[in-house]
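Here's the structure, in structure tokens; my notes come after.
The values are calculated or read from the model by the stated rules, or taken from the named source; none is laboratory data. Given the structure is predicted, the values throughout are model-derived calculations rather than measurements. Here the Cβ positions follow ideal geometry from the backbone for every residue, glycine too, while neighbour counts run over all protein chains shown.
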């Protein structure tokens with residue numbers, strides 16, 4: 001009999017602990033976070049800064065440099 005009452009006390013303590021853990025888990029993870037809109041997941045910005053020297057390329061310059 002003594003062993004049975006000891007087990008019952010352990011089970012009630014364990015169930016109280018489980019209930020407290022479940023309540024804490026439910027309060028933390030009980031609801032899903034708000035959905036994130038697809039537009040909020042994309043950031044658009046240029047890969048490099050605009051370079052005026054690059055835009056001033058003359059396609060015929062290589063003829064002058066290498067063929068003459």
**Item:** Test set (1) modelled with pLDDT of 75 or more; (2) not in a loop (DSSP other than H, G, I, E, B) - residue 8 fails condition number
**Value:** (1)
**Asked** Within region 32-48, is even one residue surrounded by 10 or more Cβ atoms within 10 Å (Cβ to Cβ) and assigned to a helix (DSSP H, G or I)?
**Response** no
